[in-house]
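Here the structure comes first, spelled out in structure tokens, and everything after it is commentary.
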Amino acid sequence: MKTATHCPTQKDYDRLMKAYEEETDIKWVTRVKPTENNHWHCNKDKTCIEIQEHLTFCSIEYFTLRDYTIETVDETINRLKRNMFEVGDILVNRKNSEVKVLAVRDLLTALSDEGDFKKSYDWYTEEELEHNGWTKKDPNEAKKQWLLEGEKGGWLKDGNVV
């Protein structure tokens, strides 16, 4: 699901940029911090912000025509502060496949390959993970799979250390 955040006022825009700066390491394409560029004047009350590999902005019409979900600033800030997944979490889907969270960056989560917990597969938004049925495995069950400081160390998959 593609998401953009609507900033109808300069104050909303400033709040969002401050939250991005405090909660993430995302930057503009020019590699400056969110609060170091002010693009609100370009589209004024129609300004929307999106995260790709960096921050981008355009009008609400642009994102609406491309079937984006439009969030309020408060919705985005709440999502930023809610750390849904953390590095090391084991996720399970409807088919009982398991993956490991290898990295969390801004609003993106990197997962391992289903067959190899050490191999990176791809980056996903939390919405994409939820839509595809990935949920955090019960922490007590996940702990049973981890061999703490063992000879081999690592995750158990089908009885084998990976």
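The values are calculated or read from the model by the stated rules, or taken from the named source; none is laboratory data. Note that the structure is predicted; figures quoted are calculated from it, not measured. Backbone-built Cβ (ideal geometry, glycine too); neighbour counts: all protein chains shown.
In table form, for the structure just shown:
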| item | result |
| --- | --- |
| Per-region count, the range 38-70, residues among the β-branched types (Val, Ile, Thr) and either more than 19 Å from the chain's Cα centre (by Cα) or assigned to a loop (DSSP other than H, G, I, E, B) (or both) | 3 |
| Some residue of the range 88-103 being within 23 Å of Tyr20 (Cα to Cα), under 11 Å from the mean Cα position of the chain (by Cα) and modelled with pLDDT under 80 | yes |
| Qualifying residue in the range 114-131 (condition: β-branched (Val, Ile, Thr), outside any helix (DSSP H, G or I), within 16 Å of the chain's Cα centre (by Cα) and modelled with pLDDT under 85) | yes |
| Considering residues of the range 54-73 that are charged (D, E, K, R) and touching a residue at least 24 places away in the same chain (Cβ under 8 Å) only, the residue surrounded by the most Cβ atoms within 10 Å (Cβ to Cβ) | Glu71 |
| Conditions (1) in a strand (DSSP E or B); (2) loosely packed, with under 15 Cβ neighbours inside 10 Å; (3) of a type outside the set (Gly, Ala, Ser); (4) modelled with pLDDT under 65; number of the one not met by Lys143 | (1) |
| Of the criteria (1) surrounded by fewer than 14 Cβ atoms within 10 Å (Cβ to Cβ); (2) under 14 Å from the mean Cα position of the chain (by Cα), which one Ile26 fails | (1) |
| Restricting the range 1-32 to residues that are assigned to a loop (DSSP other than H, G, I, E, B) and hydrophobic (A, V, I, L, M, F, W, C), the residue that is modelled with the highest pLDDT | Cys7 |
| The one condition in (1) assigned to a strand (DSSP E or B); (2) surrounded by fewer than 19 Cβ atoms within 10 Å (Cβ to Cβ); (3) assigned by TED's automatic domain parsing to the domain that holds Lys136 that Asn96 fails to fulfil | (1) |
| From Thr76, Thr35, residue being in contact with a helix residue (DSSP H, G or I) (Cβ under 7 Å, 6 or more places away or on another chain), in the same structural domain as Arg15 (by TED's automatic domain parsing), in contact (Cβ under 8 Å) with a residue 24 or more places away in the chain and part of a helix (DSSP H, G or I) | Thr76 |
